[in-house]
Amino acid sequence: MTPPSSEPRWTIDDVLHRPGVYLFRDDAGKVLYIGKARDLRARIASYRRPGADGRINVAFLERDAASVETIVTRTEQEALLLEDSLIKQHKPPHNIRLKDDKSFLMVRLDQGEQFPRLKLVRAHRPKEGKKAGRSRFFGPFASAYAVRRTLQDLHRIVPLRDCPDTVMNHRSRPCLKHQIGLCAAPCVGLIDAAGYADLVAKATRVLSGDIAELQEDLERRMLHASKAREYERAGGWRDRLVALRRTVEGQGVRPKDLIDRDALGLARRGEDALVHRVAFREGSLTESRSHRFRSQLPDEELMHSVLTALYADGRREVPAEILLPCPPAEHDLLAESLGGGVKLIVPAGGDRQRMVDLAGENARGELTLRGDEESREEEALSELISILDLDPGTEVIDCFDVSNFQGSNVVASRVRFRRGHADRAGYRRFKVRGVVGQDDFASMKEVVLRSLRRGVREGDLPDLVVIDGGAAQLESALEARTEAGAWEVAMVGLAKARAERKVKGVGKAASEERVFLPGALAPIELARHSPARHLLERVRDEAHRFAITYHRKERGRIKSQLDSVPGIGPARRKALLRRFGSVVGVKKASVEELAGIEGISRELAQALLEHLREGKR
């Protein structure tokens with residue numbers, strides 16, 4: 001490694017005072033960072049002047065950058081487009097590529113139900129003009145805590161039911177929530193459809209921010225009860241009034257104007273950075289999302305890159321105002337490149353400052369939450385490495401699970417965890433092709449072999465393979481490892497905890513999760529509250545979930561193959577599968593064997609075989 005010096009290895013001697021794009025490269029010519037500028041020479045020179053001693057304060061530019069290449073453009077807009085194209089082409093490690101979180105918390109009201117209820121959901125707000133059925137969405141909310149408290153308070157004000165239809169339709173008397181005033185009990189007819197509709201209308205107005213009428217009504221009831229010296233009743237109306245006000249406050253800052261604006265909050269810890277964006281449209285908070293990345297850039301440069309990634313590609317609407325925690329680099333160029341009409345504002349107080357504070361609070365909370373989660377995952381991985389005596393560099397764990405139904409339609413799954421958390425890009429599904437009937441050991445060997453052979457071919461092997469099963473399943477996987485030539489991959493089997501009879505005494509004793517190691521005489525039992533055990537259980541359960549999901553899909557296809565035969569209904573289909581085990585077994589049966597099933601005549605048996613053997617669906 002080249003030691004740092006007061007002067008960087010790259011020079012700006014030949015850089016022009018023109019708009020364009022600049023690329024920092026390392027000794028091997030790999031692009032480290034790409035930026036744009038109105039004045040290339042002034043922009044690149046700014047990296048050399050942040051400190052009093054003239055040294056640059058961007059670590060990777062001082063440590064790794066060996067040269068800087070510039071591309072001159074005619075206009076700043078051309079520079080913006082070229083920068084975006086080059087970032088997609090080179091994928092520089094120090095440029096920011098934002099990934100949105102999957103969804104955000106909202107409240108959904110399904111108006112198609114006879115007695116609608118409020119549901120907390122993770123969903124994307126329907127785009128303008130796009131219908132969402134008869135459901136109405138409220139939110140999103142600034143945090144999970146805020147939306148849950150909102151629902152709790154709202155039920156104090158408007159006692160809508162919160163139980164599912166399966167519960168409501170089978171009740172014969174009111175539940176406890178009705179007795180404490182949190183439900184109007186439509187399940188047993190204590191409120192009619194018209195009265196319940198009034199409650200739904202009140203809830204809708206509250207969630208939309210219109211509380212004036214309801215607030216006046218509650219205040220009037222409270223004062224009336226107080227004058228009548230019914231203080232307990234007055235206290236109840238007071239509590240509902242407080243809940244009403246807190247319900248609206250829980251939805252976040254409510255601006256006094258209708259200007260469309262986004263507020264960005266920034267939180268950093270080392271190279272980890274997280275930007276949280278809250279969007280306000282027509283006076284309401286309409287979106288709340290986090291974007292996490294790793295960056296060594298100074299805050300001003302980072303904010304410049306974030307704004308470019310968020311808005312410059314045209315995928316996201318640019319609001320009239322963007323509120324920022326710090327001024328971005330190349331402020332004027334950035335504002336012009338985003339459309340000219342947008343204002344980039346670093347507020348000094350008032351509502352705008354509260355919006356930025358809200359975004360910042362969410363950013364810090366989310367970064368802390370994810371950091372704590374990663375710390376727990378790393379702790380679990382470290383303990384697992386110690387217990388199983390794995391290579392200290394173990395990071396990637398694959399787990400396999402086989403699923404079948406009486407030997408038919410055997411499928412398997414592979415899930416991948418990287419440094420303790422799921423890496424969904426590494427998930428794979430397999431159809432077992434080379435095994436006839438139900439043979440879990442042969443099926444496990446086939447799918448592990450196929451996976452490892454591909455890993456050897458593509459240089460994508462895991463550090464550890466976890467097999468869902470005991471010593472026999474592990475032995476099958478070890479045979480596959482040998483055939484694939486992936487000897488460096490560690491393997492273990494994970495068997496679920498089971499109840500064992502006590503040697504002396506009455507009753508049963510429960511064993512813990514057991515890990516089988518290659519060649520070991522006895523398995524290792526993992527402590528019940530061990531982080532390593534929790535990690536292995538999460539990996540195994542995820543593999544099982546993924547396999548079951550795939551198998552259900554395949555079983556549905558099997559059923560449709562039988563169901564499509566005229567005269568074969570659910571009862572006859574069930575009888576056929578019980579007798580012959582699978583559709584394959586039905587195909588191999590004779591007409592006489594099929595006709596031996598109660599309810600199936602020779603004519604129907606003949607039609608069934610013709611249908612299956614011709615491959616009709």
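The values are calculated or read from the model by the stated rules, or taken from the named source; none is laboratory data. All values derive from a computational prediction rather than experimental measurement. Cβ coordinates were reconstructed from backbone atoms using ideal geometry, including for glycine residues, and neighbour counts include every protein chain displayed.
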The correct count of residues that are among the small types (Gly, Ala, Ser) and outside any helix (DSSP H, G or I) in the range 70-98 is 0
Only one residue in THR204, THR166 is within 21 Å of LEU120 (Cα to Cα) and either out of contact with any strand residue (DSSP E or B) (no Cβ under 8 Å at 6 or more places or on another chain) or free of Cβ contacts under 8 Å to residues at least 24 places away in the same chain (or both). Which one? THR166
Of the residues in the range 222-241, those that are hydrophobic (A, V, I, L, M, F, W, C) and touching a residue at least 24 places away in the same chain (Cβ under 8 Å) come to LEU241
State which residue pairs qualify: first residue among the acidic types (Asp, Glu) and surrounded by fewer than 15 Cβ atoms within 10 Å (Cβ to Cβ) and inside the range 108-122, second residue in a loop (DSSP other than H, G, I, E, B) and modelled with pLDDT of 85 or more in any location, beta carbons under 7 Å apart, and separation of 6 or more residues or different chains. ASP110/PRO116
Exception for ILE600 within (1) modelled with pLDDT of 80 or more; (2) surrounded by fewer than 17 Cβ atoms within 10 Å (Cβ to Cβ) falls at (2)
Okay, strands (runs of 3 or more DSSP E) sitting entirely in the range 367-467 with 3 or more residues that are crowded, with 20+ Cβ neighbours inside 10 Å and modelled with pLDDT of 85 or more, I get 396-405, 408-418
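Is it true that LEU297 is out of contact with any Cys (no Cβ under 6 Å at 6 or more places or on another chain), among the aliphatic types (A, V, I, L, M), at pLDDT 80 or above and assigned by TED's automatic domain parsing to the domain that holds LEU338?
Against the criterion (out of contact with any Cys (no Cβ under 6 Å at 6 or more places or on another chain), among the aliphatic types (A, V, I, L, M), at pLDDT 80 or above and assigned by TED's automatic domain parsing to the domain that holds LEU338), LEU297 qualifies.
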Looking for something within 30 Å of LEU207 (Cα to Cα) and among the hydrophobic types (A, V, I, L, M, F, W, C) - is there at least one such residue anywhere in the range 286-309? no
Output for the range 176-198, where each listed residue is assigned to a loop (DSSP other than H, G, I, E, B) and surrounded by 12 or more Cβ atoms within 10 Å (Cβ to Cβ): GLY181, LEU182, CYS183, ALA184, ALA185, LEU190, ILE191
Checking PHE137 against (1) under 19 Å from ALA203 (Cβ atoms); (2) modelled with pLDDT of 80 or more; (3) within 24 Å of the chain's Cα centre (by Cα); (4) surrounded by fewer than 19 Cβ atoms within 10 Å (Cβ to Cβ): exactly one of these is not met. Which one? (2)
Conditions first: (1) at pLDDT below 80; (2) outside any helix (DSSP H, G or I); (3) within 22 Å of ASP272 (Cβ to Cβ). GLU62 passes all but one, so which condition is the exception? (2)
Is it true that some residue in the range 386-409 is of a type in the set (Val, Ile, Thr) and within 30 Å of GLY581 (Cα to Cα)? yes
So how many residues does the range 204-240 have that are among the hydrophobic types (A, V, I, L, M, F, W, C), modelled with pLDDT of 85 or more and either assigned to a helix (DSSP H, G or I) or surrounded by 12 or more Cβ atoms within 10 Å (Cβ to Cβ) (or both)? 4
Which of the residues spanning the range 329-357 are of a type in the set (A, V, I, L, M, F, W, C), surrounded by fewer than 17 Cβ atoms within 10 Å (Cβ to Cβ) and in a loop (DSSP other than H, G, I, E, B)? VAL346, ALA348
